Structure formats: structure tokens, C-alpha cells
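The values are calculated or read from the model by the stated rules, or taken from the named source; none is laboratory data. Given the structure is predicted, the values throughout are model-derived calculations rather than measurements. Here Cβ is always computed from backbone atoms with ideal geometry, including for glycine, and neighbour counts include all displayed protein chains.
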Amino acid sequence: MSAHAKDPMLPRPFRVEKVKRELSDTFTMELVPAEGGGFSFAAGQFNMLYVFGIGEVPISISGDPGEHERLVHTTRAVGKVSGALDALKVGDVIGVRGPYGIPWPVEAAFGRDLVFVAGGVGLAPLRPAIYQAMANRERFGKVMVLYGARTPEDILFKKEIERWRGRFDMDVAVTVDRATGKWGGNVGVVTNLVAKGGFDPQNTTAFVCGPEVMMRYAAQALEKKGVGRGSIFVSMERNMKCGVGLCGHCQWGTHFVCKDGPVFRYDSIADLFSIREL
Amino acid sequence: MPGVDASITTAVVFDRGGLDALIAALKAKGFHVVGPRVADDAVVYADLDAASDLPAGWGDEQEGGRYRLTRRKDGALFGYTSGVQGWKRHLYPPRQKLFAARRDGQGFAILPPDPPAAPLALIGVRACELAAIAKQAKVFGDRDFADPGYQGRLASAFVVAVECGEAGGTCFCAAMGTGPAVETGFDIKMVEVIDKARHVFVATAGSAAGAKVLDGLKAPAAAEADKAAAAARVAKAAKQAKTLDAKAAARLKEHPDHARWDDVARRCMTCGNCTMVCPTCFCTTVEDTTDLKGEHAERWRNWDSCFTIDFSYIHGGAIRTEVKSRYRQWITHKLSTWHDQFGSSGCVGCGRCITWCPVGIDITAEATAITEGARKAAAGGSKKAATSGGKGR
Ligand SMILES: Cc1cc2nc3c(=O)[nH]c(=O)nc-3n(C[C@H](O)[C@H](O)[C@H](O)COP(=O)(O)OP(=O)(O)OC[C@H]3O[C@@H](n4cnc5c(N)ncnc54)[C@H](O)[C@@H]3O)c2cc1C
Ligand code: SF4
Ligand code: SF4
Ligand code: FES
């Protein structure tokens, strides 16, 4: 045991290089280490982002794991700290701890169909895995992205989704809960897209990220299609004050979501999903 | 803190004067000496100057929801059961500064940490408390990320354990396999022996550092009679009224829907006393502060309790809103899922949570009702609960 190891609660300063507004309440930041050096992570991992004097929150990395110069985060402003992140300007410095957590097992899915099921801002934590899959496109069967948003105005990464849709080696379907404006696409929950299939269930790995109820229904829909529980992965959200297994807040049954997750294989947690207020 | 060195086993014996010399020697070595003393009608672990600060002649009565200091006729210095809170207060303080930072243009600079505090000497550590310290050491360092503060304070600490001579009313360390005999994790182990002829301490070293300090006391070797008297005292402390089937309790997680959770939820006030006195509870939250100008910021880590609603808050609302889900989280983690996480129970059987629960909820009774009497308690649980819960009011 390293008695005087580096303190995992001390952040590293990163400078905001670029801010892009995605939706009315959602934005993407590009960050570089203020003291030089790079940043490596695996798709599905998250960082603890600290705003000077305000607080610290867990945010998944939404950039390309093949890129080590810039750290990319996509955040929805919902409260105190995420709101403070939203107020940052280019040149401002925040603290970063990470990367933490168990990633999406992209390489373990080589040779199979890969289905991404995303709801709302849940597309952001999946995007690194989508990049990684497309960088290794020849190693997969089909690559499908099934995405559900509340309204057409809530579709995250819209331009990028359009580009993905234009590719011949990717199947992309988008649905909205409620159509507005000139929307002529799918209306309904994302599980409807799962039910339509188009993948080989026996040989499919699925990565699911979104609100907890959505993940539960999506996992059930995948199972109903014939995808095995051991081939479905979800990314969980719990209150996190440390990200490294010390504060106790993220416990879910036997798991520390920060360290044993946030990505879990569905068969290891399916039982927990059904226990109220666990 | 040391492991036990089998070669250092010679027991020595000294009186109260020797104990004073021991405390003085530790102070001279630069230790911040902490031990039991009476404050606010209770025994607490606080700064000690000399043996005269120890709770001479004080004992205690503990049962569900009840704690009273009592006078003892024998003048024992370690005649109480255990302090209100364990040593966690000192090894993992309720409020710890994580860092301070100063604004620097658009960024900030993290200021150098405060110099480390003087190493701790802990006087009067019970067997269950040593077990609790070991459990927390595992939480704060066994996996990928260690807490350097805890590890540093523990590594530099000097531990004087004192074996119990009698068990308190809420103790069940024997059932949890953590006491009352002190076996490992100490620098010096003492047993307080009082009979008609004498009032002495029989001490053995558990580390090279402990042996050196004992050597310095120039105390005579203990006679066989002293050792026998010491062993007899520990044997007496092993007789405990409370018990728990720890193996059965480890299966609590299999009963998340048991009717007994509703029953205990009607009694529990979610005050969080149990988590504050438990020597293994480790949850914390963070607090951010700034000065008025916003130039200086600090991050503090404060003890937290899984009994608060905010504990499980995520955007959209807390996960555990009901009393029953919070109580369930507490004891299921303590007795059951701790095994999955850290390879043992999280409970050492110290009984504090029973004593300090204002309504006398008894972790052993709740766990037993849920795991053993599963079906019976589901049907007729409330009758039994009324007796177990109403005691200490
Ligand atoms: C592993 C993980 C990855 C995440 N990735 C993203 C992401 O990529 N993009 C994104 O927009 N959001 C993400 N979130 C959610 C994000 O952390 C919360 O929206 C954020 O903590 C809200 O904090 P706040 O101070 O702005 O809100 P407030 O409502 O003011 O919250 C107060 C405090 O409660 C806690 N808290 C509140 N909501 C959450 C939550 N959902 N999860 C964890 N703690 C919470 C935080 O400690 C927060 O500081 C992620 C959460 C987790 C656990
Ligand atoms: S749960 Fe209760 S008896 Fe067990 S260690 Fe904690 S305070 Fe002591
Ligand atoms: S069990 Fe007792 S001590 Fe613990 S929160 Fe409930 S009322 Fe308070
Ligand atoms: S976030 Fe602190 S233990 Fe998981």
C-alpha cells in the first residue's frame, strides 16, 4: 500500500479553449491542460470537473478517445455547478480529476453488430465509443445508432448525426417524444427503434445510455429482441462526491457506481433495477 | 502502525505512576496524545496531558437509547466500555480541508497544504476499535485510490490498546469476531488488573516501537499471577448479552422487500446518530467556500450520513426518499454489502448505534428479524418491534 500516494482529491488545472452551444441548455467545452501534457481516457469514462469556489460534478467525456490533446465535455446546465460551467468563457481555468470509471467494452465487441441506444443528453457519454467504433469500422458487423430526444429541438449533435446518417457503413435512426415544427421523422419512444431491429440479436452488443427508466425499457426491448443480458451495457448515474470510492455517495447495492461502473453489464445489475429506492 | 512481532512478548507490569511515565514518554517523542476522559457526562476521546486526565473511577451503563456514567468503587482508569465516538474523530476528522486555492487571473493556483499535524498516540483503544480502524484503513486505501491523509495519520500513530475487563450492555464484539481480546494492530497492549492488593497494568509490546517505549519505563517483568489475572478479565468480557448471527446478517441484501423495513421506518427518526457514532461509517460530502471577494476558495470534506435526503440527490430528485430505504441502505451496507466491497462485515459489534439511537433501535434485533425470522416477522413483526423499540424511552 502506498501510504503517501498522490491525493486523488486534488484537481489538475485545464483551460477552456472552445465553447460550443449545442442546445438551449447544453454546451460542449474543449479543454487543454493548463500546465501542458496530454489526456488519455477510454470511451465511457468521466471526470470530476471543479469550478473555483463553486463545486465539483461528474461529467462524462464526450470527445474522441483517439485524441489526446483536447479534453471534450458536453454538459446540460441543470443546477449550481453545471450552471457555473455554462458561464465559463474561453481562457477560464477549471479543475479536472480523472478519468474515472469502467469504460464501454468496445474492443470486446469486435466481430459483432454494435448497437448504440441513447436518450437525450445520454448521447454524449456514448459518442467516444461511437468514434472508437468508426475508427475500427472493419472490425464490426453493423454499427447502429438509435437515438431518442424529447423534441426535434432537443436533438444533440444534430449536424454530426446528419453526417453519420449520410454514411453507408452506419445505420442511424432518430425518434422524438413529441413532434414540433416541420419534423417528419419518427415519433415515439426509443424502444420502438429497438423493436424494429435490423441487427443480428445473437451476435449483437448494445451500449445504452440515458435516463434510468429509458435504460430499463431499452434493455428489456433488446432482451425481447433476443440480445443476451451479457451483451447489453448501461451507464448509471448516482450522486458522486469523490469519483474514487471514498465518499460512499454513489453506492447502488454492492456497487460503487464511480468505480465498479458507471458502465455495467446488464446481467450484473438487472435485479437492482427493479428494487425501488435502492 | 505496526504488525505484531512475535519475538516481543515479554509482559511487564507497572502502576499508575508507570502509566504517567508512558504518557510523558510519548509526549516527549512528539506525539499528540489522545485518550479517554470525561466531558459532558460521557467518556470521549480527547487530548490527554497526564494519567490524571483519565476517567478514574468512572464506568457507564449502556442499553438501547440509554447512556449513563456511573461511579465505580475500584477506581479503574479504563472501567468504562468505550467512548461515545471512536478514534475516527482523530484519524478521519469530521471536517478536513481538501485544499485551498487562490484566484489567479482567469485561473487559480492550489496553495501548498498545511504542514502535517503531530503524529497521534491513541491511549485506550479497544479490540473492536482496532478492528474498526483496520476496516477504515481498507476503505481508505485497499482499492485503486488511497486517502493519503488517513493512511499517513494511521502509519504515524502509536497505538496503546487496553483490553476490556467487562462488556457493556450493547456490546456484541464476540459475535462479530472482533474482540474482546486484542490480538493485532497495536504498539502496546495493556490489561488493567485490580484486586485487593494492587491496581496495575500488565503490558506487552506489539511492535519494535512499542518495545522501545516499554523498555524505557524500566518496569519489572509480569509474574505468572499477573498474566493469569489479565487473561481472566478478558474472558469475563467475552460474556455478552447481545449477539448476532453475522453469517445470516450478511444475507440482508437478499431481503430488500421485507415487511420489517416498514416497521422500523415507523420508529426511525432518520436523525443519523447511528452513522455519527459508528466507528466504521466513512461517508463524506464536500463543502466549497470562498471569501467575500471570491479570491480565496477552499474545499472541505465533511462527514455525511446516508440518512439525509440530500445524500442520494441527483438532478430530478433524491433516490432514497423514504425512511425505509435509508435505514435499509444503512444496515444492509454495514452488515451485508460491505462483504462484497471489502471482504468482511462493516460492523465490529461496538454497540454504539444501539446506545445512541434516541428510540433504541437495535441493529441486532432488526437484522435478526429480517434474515432469520423472515416469514414470521413479516406476519407478526410489529408486535415484536414494539418491545424491542420501546425500551430506552
Ligand atoms: C458518471 C456520471 C456522468 C455524467 N455525465 C454527464 C454528462 O456527460 N453531461 C451532463 O450534462 N451531465 C452528466 N452527469 C450528470 C451531472 O453530474 C449532474 O447534472 C450534475 O452533477 C448536476 O450538478 P449541479 O450542481 O449543476 O446541480 P444541482 O441540482 O445544484 O446539484 C447539487 C449537487 O447534487 C449532485 N448531483 C445532482 N445531480 C446529479 C447527477 N445527475 N448525477 C450525479 N450527481 C448529481 C452533485 O453533487 C451536485 O453538485 C453525469 C453524472 C454521472 C454520475
Ligand atoms: S453498526 Fe453499530 S455496532 Fe456495528 S460497528 Fe457501527 S456503531 Fe458499532
Ligand atoms: S436508527 Fe436510530 S440513530 Fe439511526 S437514524 Fe434512525 S433513529 Fe437515528
Ligand atoms: S463517488 Fe464517492 S464513492 Fe463513488
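So how many residues does the stretch B:315-361 have that are within 8 Å of chain A (Cβ to nearest Cβ) and within 16 Å of ligand 1 (Cβ to nearest atom)?
4
Pull up the stretch A:193-250, narrow it to residues that are away from ligand 4 (no atom under 16 Å from the Cβ), within 14 Å of another protein chain (Cβ to nearest Cβ) and not in a helix (DSSP H, G or I), then point me to the one that is farthest from A:T175 (Cα to Cα).
Looking at the filtered set, the residue picked out is A:P211.
Can you give me the number of residues within the stretch B:328-361 that are assigned to a helix (DSSP H, G or I) and either small (G, A, S) or within 12 Å of ligand 2 (Cβ to nearest atom) (or both)?
Step one: list which residues in the stretch B:328-361 are assigned to a helix (DSSP H, G or I), which gives B:328-342, B:352-355.
After this cut, where a residue has to be either small (G, A, S) or within 12 Å of ligand 2 (Cβ to nearest atom) (or both) as well, the list is B:330-336, B:338, B:352-355.
Of the residues in that region, 12 qualify.
Give just the number: which of (1) within 16 Å of ligand 4 (Cβ to nearest atom); (2) not in a loop (DSSP other than H, G, I, E, B) does B:W261 not satisfy?
Among (1) within 16 Å of ligand 4 (Cβ to nearest atom); (2) not in a loop (DSSP other than H, G, I, E, B), B:W261 violates only (1).
Condition check ((1) outside the structural domain of A:R127 (by TED's automatic domain parsing); (2) away from ligand 3 (no atom under 16 Å from the Cβ); (3) in contact with a Lys or Arg (Cβ under 8 Å, 6 or more places away or on another chain); (4) not β-branched (V, I, T)) across all residues:
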site	(1), (2), (3), (4)
A:F168	no, yes, no, yes
A:V194	no, yes, yes, no
A:D200	no, yes, yes, yes
A:M215	no, yes, no, yes
A:A218	no, yes, no, yes
A:C242	no, yes, no, yes
A:H249	no, yes, yes, yes
A:V257	no, yes, yes, no
A:F264	no, yes, no, yes
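Given the structure, is B:G294 at positive phi, at pLDDT 95 or above, away from ligand 4 (no atom under 16 Å from the Cβ) and not aromatic (F, W, Y)?
Details: at positive phi: yes; at pLDDT 95 or above: no; away from ligand 4 (no atom under 16 Å from the Cβ): yes; not aromatic (F, W, Y): yes.
Taking the combined requirement at face value, the residue does not satisfy it.
Within the stretch B:83-190, which helices (runs of 4 or more DSSP H) (wholly inside it) include 2 or more residues that are under 26 Å from A:L10 (Cα atoms) and touching a Phe, Trp or Tyr at 6+ places or on another chain (Cβ under 6 Å)?
It comes to B:127-139.
Quick one: count up the residues across the stretch A:175-195 that are over 19 Å from A:G120 (Cβ atoms) and within 23 Å of the chain's Cα centre (by Cα).
1
Going through the stretch B:271-301 one residue at a time, which ones are within 22 Å of B:G86 (Cα to Cα), more than 10 Å from chain A (Cβ to nearest Cβ) and away from ligand 2 (no atom under 16 Å from the Cβ)?
B:W300
Looking at the stretch B:301-354, which of its residues are over 17 Å from the mean Cα position of the chain (by Cα), within 29 Å of B:A134 (Cβ to Cβ), among the basic types (K, R) and within 16 Å of ligand 3 (Cβ to nearest atom)?
B:R320, B:R326, B:R328
Is it the case that B:K218 is over 18 Å from B:F78 (Cβ atoms) and assigned to a loop (DSSP other than H, G, I, E, B)?
yes
Looking only at the stretch A:77-130, which residues are surrounded by fewer than 19 Cβ atoms within 10 Å (Cβ to Cβ) and under 22 Å from A:D154 (Cβ atoms)?
A:A77, A:V78, A:G79, A:G83, A:D86, A:A87
Could you check how many residues of the stretch B:232-247 are outside any helix (DSSP H, G or I) and surrounded by 12 or more Cβ atoms within 10 Å (Cβ to Cβ)?
So the count comes out to 6.
Let me spell it out: the conditions are (1) touching a strand residue (DSSP E or B) at 6+ places or on another chain (Cβ under 7 Å); (2) modelled with pLDDT under 95, and B:S7 meets all of them except one. Which number is the exception?
Checking B:S7 against (1) touching a strand residue (DSSP E or B) at 6+ places or on another chain (Cβ under 7 Å); (2) modelled with pLDDT under 95, the one that fails is (1).
Mind counting the residues in the stretch B:279-307 that are assigned to a loop (DSSP other than H, G, I, E, B) and aliphatic (A, V, I, L, M)?
Final tally of qualifying residues: 1.
Answer with yes or no whether B:S312 is crowded, with 23+ Cβ neighbours inside 10 Å and more than 8 Å from every other protein chain (Cβ to nearest Cβ).
Working: crowded, with 23+ Cβ neighbours inside 10 Å: yes; more than 8 Å from every other protein chain (Cβ to nearest Cβ): no.
No, not satisfied.
May I ask you to verify whether B:T364 is farther than 18 Å from B:M276 by Cβ, more than 10 Å from ligand 2 (Cβ to nearest atom) and of a type in the set (V, I, T)? I'd like the intermediate steps shown before the answer.
Numbers: farther than 18 Å from B:M276 by Cβ: yes; more than 10 Å from ligand 2 (Cβ to nearest atom): no; of a type in the set (V, I, T): yes.
The answer is no for B:T364.
Confirm whether B:S345 is of a type in the set (S, T, N, Q), within 30 Å of B:A241 (Cα to Cα), modelled with pLDDT of 95 or more and within 16 Å of ligand 4 (Cβ to nearest atom).
No.
Does B:R251 satisfy being charged (D, E, K, R) and either within 11 Å of ligand 3 (Cβ to nearest atom) or closer than 26 Å to B:Q136 by Cα (or both)? If you could, list the steps in order and put the result at the bottom.
On the way: charged (D, E, K, R): yes; either within 11 Å of ligand 3 (Cβ to nearest atom) or closer than 26 Å to B:Q136 by Cα (or both): yes.
Considered against the rule, which asks whether it is charged (D, E, K, R) and either within 11 Å of ligand 3 (Cβ to nearest atom) or closer than 26 Å to B:Q136 by Cα (or both), B:R251 comes out as yes.
Residues of the stretch B:316-328 being of a type outside the set (F, W, Y) and touching a Ser or Thr at 6+ places or on another chain (Cβ under 8 Å), which ones? First the steps, then the outcome.
Let us first name the residues in the stretch B:316-328 that are of a type outside the set (F, W, Y), namely B:316-326, B:328.
If the condition is that a residue be of a type outside the set (F, W, Y) and touching a Ser or Thr at 6+ places or on another chain (Cβ under 8 Å), then B:A318, B:I319, B:R320, B:V323, B:R326 are the ones that fit.
Quick check on A:T28: is it farther than 26 Å from B:R103 by Cβ, among the β-branched types (V, I, T) and either part of a helix (DSSP H, G or I) or more than 9 Å from every other protein chain (Cβ to nearest Cβ) (or both)?
Considered against the rule, which asks whether it is farther than 26 Å from B:R103 by Cβ, among the β-branched types (V, I, T) and either part of a helix (DSSP H, G or I) or more than 9 Å from every other protein chain (Cβ to nearest Cβ) (or both), A:T28 comes out as no.
Test each condition in (1) more than 16 Å from ligand 1 (Cβ to nearest atom); (2) buried (at least 19 other Cβ atoms within 10 Å of the Cβ) for B:C306 and report the one that comes out false.
Unmet for B:C306, out of (1) more than 16 Å from ligand 1 (Cβ to nearest atom); (2) buried (at least 19 other Cβ atoms within 10 Å of the Cβ): (1).
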